[in-house]
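What follows is calculated from the coordinates using simple rules that are stated; it is not laboratory data. In this text the structure is predicted, and so the values were computed from the model without any measurement. So basically every Cβ, Gly included, is an ideal-geometry build from the backbone, and we count neighbours across all protein chains shown.
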Amino acid sequence: MKFPSNLKYTEEHEWLRIEDNIAYVGITDFAQSELGDLVYIEIETVGETLDKDEVFGTVEAVKTTSELFMPVSGKILEFNSAIDENEGDNPTLVNSDPYGEGWIVKIELTDQSEIEGLMDADAYKEVIS
């Protein structure tokens, strides 16, 4: 299982890759392996500004549906078209490449200080072990 050191992590198994004031958000390799093959991802919050820990969407696997939580406060700028059923319709990208092509949303950060409350890769490994 991979835990890229350039990402930040949450206890809810989301990751955050920060590029200036923009961040990509997805679910961790651990989360996708626990869920199994994803069949549908629903994001209806594009354009909305949400607070940290608010639900921004859901992922549906064969055996369960799980909510997605904002790792930090921000505005949802984009839903990854490659996994959107209305465009690329390939949610299994989250399974095969959770930290790359399988990102879920792109956000604009509204409170940079919240990043400090997230875990680094080593801390996240401790949470799941």
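Filter the stretch 93-119 down to the residues that are closer than 17 Å to HIS13 by Cα and assigned to a loop (DSSP other than H, G, I, E, B) and list them by number. If the condition is that a residue be closer than 17 Å to HIS13 by Cα and assigned to a loop (DSSP other than H, G, I, E, B), then ASP97, PRO98, TYR99, GLY100, GLY102, TRP103, ILE104, LEU118 are the ones that fit.
Candidates in the stretch 2-19 are the residues that are charged (D, E, K, R) and in contact (Cβ under 8 Å) with a residue 60 or more places away in the chain; of these, the one that is nearest to GLY100 (Cα to Cα) is ARG17. Of all residues in the stretch 74-129, those satisfying the criterion of being buried (at least 19 other Cβ atoms within 10 Å of the Cβ) and of a type in the set (Val, Ile, Thr) are ILE76, ILE83, VAL94, ILE104, VAL105, ILE107.
For ILE18, the conditions (1) among the β-branched types (Val, Ile, Thr); (2) assigned to a strand (DSSP E or B); (3) touching a strand residue (DSSP E or B) at 6+ places or on another chain (Cβ under 6 Å) are fulfilled apart from (3).
Candidates in the stretch 24-44 are the residues that are within 10 Å of the chain's Cα centre (by Cα) and assigned to a strand (DSSP E or B); of these, the one that is surrounded by the fewest Cβ atoms within 10 Å (Cβ to Cβ) is TYR24. From the list THR58, THR45, which one is out of contact with any Ser or Thr (no Cβ under 8 Å at 6 or more places or on another chain) and touching a residue at least 12 places away in the same chain (Cβ under 8 Å)? Only one candidate qualifies: THR45.
I'm checking my understanding of the structure. Among residues of the stretch 45-65 that are touching a Phe, Trp or Tyr at 6+ places or on another chain (Cβ under 9 Å) and assigned to a loop (DSSP other than H, G, I, E, B), which one is surrounded by the fewest Cβ atoms within 10 Å (Cβ to Cβ)? Break it down into steps so the answer makes sense when it comes.
Initial filter on the stretch 45-65 (touching a Phe, Trp or Tyr at 6+ places or on another chain (Cβ under 9 Å)): 45-46, 48, 50, 52-61, 65.
Narrowing further to those that are assigned to a loop (DSSP other than H, G, I, E, B): 45-46, 48, 52-54.
Working: THR45: 19, VAL46: 15, GLU48: 11, LYS52: 16, ASP53: 13, GLU54: 14.
Among residues in the stretch 45-65 that are touching a Phe, Trp or Tyr at 6+ places or on another chain (Cβ under 9 Å) and assigned to a loop (DSSP other than H, G, I, E, B), the one surrounded by the fewest Cβ atoms within 10 Å (Cβ to Cβ) is GLU48.
Of the residues in the stretch 42-50, at least one is within 17 Å of LEU93 (Cβ to Cβ) and in contact with an Asp or Glu (Cβ under 9 Å, 6 or more places away or on another chain).
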